[in-house]
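Colleague: The structure that follows is given in the form of C-alpha cells.
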Amino acid sequence: MLQETITINPFVTDEELAEKFMVSVQTIRLDRLELSIPELRERIKSVAEKN
C-alpha cells in the first residue's frame, strides 16, 4: 500500500504517510528504506527530470 500511495502521489511527505497509515514517521522511513523507495527530495528530483 505504501508503494502504491507513493506511485500515485510522489510528492506525499513521510508525515502525511504516517498519518494516513496511523504509524510513526520513523516506521514510514524504515519501510521506504526496506522497499528502496527514495525520500521525498529524490522523488521530486526524479519527477522534474522526467518532465
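All of the numbers you see were taken from the coordinates with simple rules; none came from a lab. Quick caveat: nothing in here was measured; it's all calculated off a predicted structure. Using ideal geometry, Cβ is built from the backbone for each residue, glycine included, and neighbour counts are taken over all protein chains shown.
Colleague: Looking at the range 20-31, I want the residues that are without any contact (Cβ under 8 Å) to a residue 40 or more places away in the chain and in a helix (DSSP H, G or I) and have a partner that is loosely packed, with under 13 Cβ neighbours inside 10 Å and of a type in the set (Asp, Glu) with Cβ atoms under 7 Å, at least 6 apart or on another chain. Which pairs are those?
Modeller: Listed by first residue and then by second, the contacts come to Val25/Glu15.
Colleague: Then there is this: Which of the following residues is surrounded by 14 or more Cβ atoms within 10 Å (Cβ to Cβ), touching a Leu at 6+ places or on another chain (Cβ under 9 Å) and in a helix (DSSP H, G or I): Ile6, Ile37?
Modeller: From the options Ile6, Ile37, the qualifying one is Ile6.
Colleague: Confirm whether Ala48 is of a type in the set (Gly, Ala, Ser) and touching a helix residue (DSSP H, G or I) at 6+ places or on another chain (Cβ under 8 Å).
Modeller: no
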